[in-house]
Amino acid sequence: MNTITVIGHGYGEGDLTLEAMRALRSGDRILLHTARCACAVWLTAQGIPFGSFDDLYDRCEDFDEHAGRVADSLIEACDGGSVVYGVFDVRDRSVQALAARGVPMKIVPGPAAEASLLSNAAGPVLSISASDWDEAAFSSGLNTVVREIDSRPLAAELKLRLQDTYPDDWICTVTQPGGLASIELYKLDRLSHYDHTVAALIPAVRDLKRLERFDFDRFCQVIDVLLDPGGCPWDRAQTHASLRPYMIEEAYEAVGAIDEGDTWHLADELGDVLLQVVLHAGIARRHGEFTLQDVTTDIAKKMIRRHSHIFGGDNAADAGAVNDLWTRNKMAERGQKTYAESMKDVPKSFPALMRAGKILKRLDNALSAPTTPEEALKEAESALAELRSRDDREIAAGEALLTLTDACRALGIDPEIALDRAADGVISRMEQTETTCSLDTLDPQQRSDLKKHVKLSHNVPDRQE
């Protein structure tokens, strides 16, 4: 296959470099991304024949299809000799499509479309074509240059995407026929002129207080400010151990939001959980222990290892098979050869009901014999009966609780949540009771009866009683 020479001809006739002119004069066949450009005017004046791919615009559903068909047409054209392909900017999506097909190319870059804008930018720059707005990873910490904003509808889509990153009233610089203009971001789709020469610079936001939306990196910057010298005295004084109770509290509050079914409350509580993760990572980095990237790397690798039916050669047809595979992969990566070792691995710092449930689950996995609801309930009744007669009552009580935990699992009930709701029920029924009677007027038998009513919901008498 002949090499395709890709030239960036820029937006004005004066943008053509000497190397680009030499390539255009020497190619067997000249093809332009579009004939609506200054390069086409120059070629016509030089008497150099050329073709373009303007006819493909109306025949393609989207930019990806257009780029692919342009690339295929260029490859086909190579059979007839050398091809020079002219684009506004060599970062064009069709050039990327050629590279993805392994086509040998010689790149002759022209002046960057954003050159006139960069004098207003300090620091790293993200430069994209406007048609790539939905795939771009925008960050308010970067200067963003968007090229080829060629229509108002495209500008409107782009604006909405940018407003999720930058403040609505952030001052941007745009290219217009009369030169550069400054506008607020929310006015990006209100320009008087749009074509392939229109570009916009959205400068980086340095002041964190100006942000309306925060991505993960900018959130981490907030925590860095708190932990840095001169930051918050309380945050800088924290250690992994001192933050331990907050990690537990925030996790429970997130669970509470899930139980409420309030998604906005859940979003707020998940933010508190995330804060704990980032704080611990920030403290660890300052002590040379680990970094946040170590945290994200470890969990990503763990997900890949344990989902070997997705990232490896294992098979898992249903959720049960996935669970078995997860257990085996987990034991293998921890060097555990027996299920007893796996059971010992359940942290003793867990609440007792949660720890018991996880141990029983691993027992099920070890024996491939999950307890049925009927079996679990019968075992629970037997254990409660033995509690009355056994001398070692503490052990007997623990085993009774264990069988009740297993019964909950068999019935698809989380025992921790069930007990928590039951405790809430006691509070609620006591609250209702105190609004209807005075406890001071009750005799001992009435108090005993009332306790039974308050403790268990099925003992609450009907209203007519």
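The values are calculated or read from the model by the stated rules, or taken from the named source; none is laboratory data. Quantities reported herein were computed from a predicted structural model and do not represent experimental measurements. Cβ placement follows ideal geometry from the backbone for every residue including glycine, while neighbour counts extend to all protein chains displayed. SASA here: full protein model, heavy atoms, side chains in, ligands and nucleic acids out. Shrake-Rupley method; radii C 1.70, N 1.55, O 1.52, S 1.80 Å.
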Which of the three applies to the stretch 42-186, rounded, prolate or oblate, going by the alpha-carbon gyration tensor with a ≥ b ≥ c and a/c under 1.5 meaning rounded? prolate
So residue 73 and residue 2, fully extended at 0.36 nm per residue minus their Cα-Cα distance, gain in nm 24.2 nm
Applying the gyration tensor rule to the Cα atoms of the stretch 386-435 (axes a ≥ b ≥ c; rounded if a/c under 1.5, else prolate if a/b exceeds b/c, else oblate), the class is oblate
Could you give each residue of the stretch 271-279 its phi-based ³J(HN,Hα) in whole Hz, using Karplus coefficients 6.51, -1.76, 1.60 with θ = phi - 60°, and x for Gly or Pro? x, 5, 5, 4, 4, 4, 4, 5, 5
If 273, 103 are ordered by their accessible area, calculated over protein heavy atoms with a 1.4 Å probe, which sequence runs from highest to lowest? 273, 103
Distance in nm between residue 352 and residue 206 label points, each 7 Å along Cα→Cβ, equals 5.9
Identify all lysines with a Cα-Cα distance to residue 187 below 27 Å; exclude those on the same chain that are fewer than 8 residues away in sequence. 159, 209
Suppose each label sits 7 Å from its Cα in the direction of the beta carbon; what would the residue 297-residue 381 distance come out to in nanometres? 5.7
Partner lysines for residue 330 [C-alpha distance under 28 Å; skip if fewer than 8 residues away on the same chain]: 301, 302, 344, 348, 358, 361
What does the accessible area per residue of the chain come to in Å², with a 1.4 Å probe and no ligands, DNA or RNA counted? 58
Per-residue ³J(HN,Hα) for the stretch 309-326, Karplus 6.51 cos²θ - 1.76 cosθ + 1.60, θ = phi - 60°, Hz, x for Gly and Pro: 7, 9, 9, x, x, 7, 10, 8, 7, 9, 4, x, 5, 4, 5, 4, 5, 4
Residue 267-residue 28 FRET efficiency (beta carbon distance; Förster radius 51 Å; 0.05 resolution): 0.30
Using a Förster radius of 45 Å, what is the FRET efficiency between residue 48 and residue 171 based on their Cβ-Cβ separation? Nearest 0.05, please. 0.55
In order over the stretch 242-256: 3J(HN,Hα) from phi, Karplus 6.51/-1.76/1.60, θ = phi - 60°, whole Hz, x for each Gly or Pro, gives 5, 8, 3, x, 5, 4, 5, 4, 5, 5, 5, 5, 5, 4, x
Taking a crude spin-label model, label points 7 Å out from Cα along the C-beta direction, the residue 390 to residue 115 distance in nm is 8.5
For the chain, what is the convex hull volume of its Cα atoms per residue in Å³? 289
With r defined as the distance between the Cβ atoms of residue 290 and residue 218 and R0 fixed at 30 Å, what FRET efficiency is calculated, to the nearest 0.05? 0.85
Debye intensity ratio I(q)/I(0), log10, the stretch 273-354, q values 0.13, 0.17 Å⁻¹ (C-alpha model): -0.62, -0.94
For n ≥ 4 DSSP H runs only, could you compute -39500 (n - 2.57) per run for the chain, divide by its residues and tell me the 222 nm figure to the nearest 500? -16500 deg cm²/dmol
May I ask you to compute the full-extension gain from residue 366 to residue 440, defined as 0.36 nm times their residue separation minus their alpha-carbon distance, rounded to one decimal in nm? 21.1 nm
By DSSP, what percent of the beta bridges with both residues in the chain are antiparallel, rounded to the nearest 5? 35
Contour minus Cα-Cα distance for residue 58 and residue 195 (0.36 nm per residue): 47.6 nm
Please give the solvent-accessible surface of residue 441 in Å², to the nearest 10, using a probe radius of 1.4 Å with every protein chain present. 100
The stretch 233-292 and the stretch 54-132 have their Cα centres apart by a whole-number Å value of 45
